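Written below as structure tokens is the structure these notes are about.
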Amino acid sequence: QVQVLESGGGLVQSGDSLRLSCTASGTDFSRSTVGWYRQAPGKEREWVGSILNDGRANHPTSVKGRFTLSRNNALKTVNLQMNSLKIEDTGVYYCNFKTGAYSYWGQGTQVTVST
């Protein structure tokens, strides 16, 4: 059974940094593409970045230059480093693992950015 677990969320102030982590068990981590998404209250889920199994990452314009993805295949962990956080970054952040035709989601971790 595949389990995906996010951690590292919390309450921070505008301009602060936060690092989220995602781990997965029961899946071939090294072959997986890992994506991070977020969902603010009343809004649709939004993509904030993906990292391929070879370490190449991409982010949307809204977070590029502030958010950075990294992965450690030995530890089966993907980290999302978020700097210069803004109020609009508030939301539940979800991790998604894709391996072949399969896709697995975690339960999410709350990030709240205040003034």
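Any read-out appearing in this document is the output of simple, stated calculations on the displayed coordinates, not a laboratory observation. The model shown is predicted, which means the values in this text are computed figures rather than measured ones. With ideal geometry, Cβ positions are generated from the backbone for all residues, glycine too; neighbour counts draw on all protein chains shown.
Taking every C-alpha pair closer than 8 Å and separated by at least 6 residues, the mean separation divided by the residue count of segment 63-106 gives a relative contact order of 25 percent. What's the FRET efficiency of ARG56 with SER25 using the Cβ-Cβ distance as r and R₀ = 25 Å, to the nearest 0.05? Using R0 = 25 Å, I get an efficiency of 0.55.
Local charge for LYS43 was computed over the other residues whose Cβ lies under 14 Å away, with Lys and Arg +1 and Asp and Glu -1, and equals -2.
Listed by chain and number, the lysines placed with their C-alpha closer than 26 angstrom to that of LYS86 are LYS43, LYS64; residues fewer than eight positions away on the same chain are left out.
Cα centroids of segment 41-69 and segment 76-115: 9 Å apart. Just want to confirm a number: the relative contact order over the chain, from Cα pairs under 8 angstrom separated by 6+ residues, in percent. Rounded, it is 37 percent for the chain. Charge tally around VAL111: other residues with Cβ under 12 Å, Lys/Arg +1 each, Asp/Glu -1 each, net -1.
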